[in-house]
Amino acid sequence: MQPLADFELQRPSRLVDALALLARDGAMAMAGGTDLLPNLRRGLHAPTLMVDLGAVASFDAIEGTATHWRLGAGATLAAMASHPALAASLPALAQAASEVAGPGHRSAATLGGNLCQDTRCVFYNQSAWWREANGYCLKRSGSVCHVAPQGQHCHAAFEGDVAPALIAYDTEAEVAGPQGPRRLPLAALYRDDGAAHLALERGELVVALHVPRPAAGSASGYRKQRVRGAMDFPLAGVAVRLRREGDRLADLAVAISGTNSRPFRLEGTDALLGRGLDDGLLAELGKLAHKQVSPMRSTVTAAHHRRLVAAVAAQRLVRELWSA
């Protein structure tokens, strides 16, 4: 890694001032910095202005009402993992937050940062001299995707843990920017493009997440599959929210991260509703995952292995939550 290049640092206390600074050319936002700072030292970004969001008032607020939660984008992952009421209401979110990296990272890393982290690839997350020696890549400074050289699509994978949990809960993102505030489904924040995976306009910032409280009787959870038991990004991260009525499945949401260039909600699960949980239903769920999970050779682990891992994790978690 290389030393950080010089840049101007601003630490505003008001959101309006932060947004004004982010509208400048060459500006980047920084919260915990656990993803951004290593990328800066690899020469992957070259901001002239860094806007530290750590002093923005109420940016880290965690607030609950009878119907929903409002989670400030500046809330740390450690705060969410250790929040008793949040863990009771949204267990998949608390579990996902507790699985990110190590304790030191979680004490600094933020909800917004985890949701907006860069995509990853073995040909991208390298030092500047390594990338230069390999001819750079489509995502940064090059014209070829080394994962799929015949195409013009970047296959870097989104490997955040928190996003699938929030997508499974039908979360909306609150975004602010030069054109004013707006809200959109969290899943719509992402594009299936490893080089430009966030659907944010220039100068926009995720400021909060709005999560409806799950219906009574719902169960949810998050499972992360990785090479090592700590510190690793997910080979596949799977969040499930389900509700059963007697011996019938009344509601099911499955969201997956770590395999594609965006976290996504599995399509086709409505066809499984109204049935009891058996091997046939789980087999159909596995087929849905196999069809929609599309990992490429962007990690040191075989792509097909990641596809199998995602499908099995979804099946096991659904069975576990059903029994619970």
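The values are calculated or read from the model by the stated rules, or taken from the named source; none is laboratory data. As the structure is a prediction and not an experimental result, all values here were calculated from the model. Please note: Cβ atoms are built from the backbone with ideal geometry, for glycine as well, and neighbour counts cover all protein chains shown.
Where the second residue is basic (K, R) and the first is closer than 19 Å to L249 by Cβ and lies in the range 204-225, which pairs have Cβ atoms under 7 Å and are six or more apart or on separate chains?
Matching pairs, first to second residue: P214/R241; A215/R243; G217/R243; S218/R241; S218/R243; S220/R241.
Of the numbered conditions (1) buried (at least 17 other Cβ atoms within 10 Å of the Cβ); (2) free of Cβ contacts under 8 Å to residues at least 24 places away in the same chain, A20 satisfies every one except a single condition; which is it?
Evaluating A20 over (1) buried (at least 17 other Cβ atoms within 10 Å of the Cβ); (2) free of Cβ contacts under 8 Å to residues at least 24 places away in the same chain leaves (1) as the failure.
Of the residues in the range 132-143, how many are touching a residue at least 40 places away in the same chain (Cβ under 8 Å) and either more than 17 Å from H197 (Cα to Cα) or assigned to a loop (DSSP other than H, G, I, E, B) (or both)?
Within the range 132-143, residues that are touching a residue at least 40 places away in the same chain (Cβ under 8 Å) and either more than 17 Å from H197 (Cα to Cα) or assigned to a loop (DSSP other than H, G, I, E, B) (or both) number 2.
Could you tell me whether P91 is surrounded by fewer than 23 Cβ atoms within 10 Å (Cβ to Cβ), out of contact with any Lys or Arg (no Cβ under 8 Å at 6 or more places or on another chain) and over 24 Å from L321 (Cβ atoms)?
Here the answer is no, as P91 does not meet what is asked.
Here's a check for you: in the range 236-264, which residue that is closer than 17 Å to A96 by Cα and of a type in the set (D, E, K, R) is surrounded by the most Cβ atoms within 10 Å (Cβ to Cβ)?
Going through the qualifying residues, I end up with R241.
With the requirement that a residue be of a type in the set (A, V, I, L, M), in contact (Cβ under 8 Å) with a residue 60 or more places away in the chain and touching a helix residue (DSSP H, G or I) at 6+ places or on another chain (Cβ under 8 Å), what does the range 31-52 give you?
A31, L36
Assess whether R275 counts as being surrounded by fewer than 17 Cβ atoms within 10 Å (Cβ to Cβ), in contact with a strand residue (DSSP E or B) (Cβ under 8 Å, 6 or more places away or on another chain) and not aliphatic (A, V, I, L, M).
yes
Within the range 95-107, identify whether any single residue is over 25 Å from V254 (Cβ atoms), in contact with a helix residue (DSSP H, G or I) (Cβ under 8 Å, 6 or more places away or on another chain) and of a type in the set (G, A, S), and answer yes or no.
Within the range 95-107, one or more residues are over 25 Å from V254 (Cβ atoms), in contact with a helix residue (DSSP H, G or I) (Cβ under 8 Å, 6 or more places away or on another chain) and of a type in the set (G, A, S).
Which condition number in (1) within 21 Å of the chain's Cα centre (by Cα); (2) touching a residue at least 24 places away in the same chain (Cβ under 8 Å); (3) under 28 Å from L22 (Cα atoms); (4) in the same structural domain as I256 (by TED's automatic domain parsing) is the one that A92 fails?
Answer for A92: the failing condition is (3).
Count, please, the residues in the range 53-81 that happen to be in contact (Cβ under 8 Å) with a residue 12 or more places away in the chain and either of a type in the set (D, E) or farther than 20 Å from I167 by Cβ (or both).
14
Identify the residue in the range 289-305 that is crowded, with 19+ Cβ neighbours inside 10 Å and modelled with pLDDT of 95 or more and, among all such residues, is nearest to A236 (Cα to Cα).
By that ranking, first place goes to V293.
What's the number of the condition Y124 fails, among (1) surrounded by 16 or more Cβ atoms within 10 Å (Cβ to Cβ); (2) more than 26 Å from L4 (Cβ to Cβ); (3) modelled with pLDDT of 95 or more?
With respect to (1) surrounded by 16 or more Cβ atoms within 10 Å (Cβ to Cβ); (2) more than 26 Å from L4 (Cβ to Cβ); (3) modelled with pLDDT of 95 or more, Y124 is out only on (2).
Does the range 80-88 contain at least one residue that is of a type outside the set (V, I, T), over 25 Å from G237 (Cβ atoms) and loosely packed, with under 14 Cβ neighbours inside 10 Å?
no
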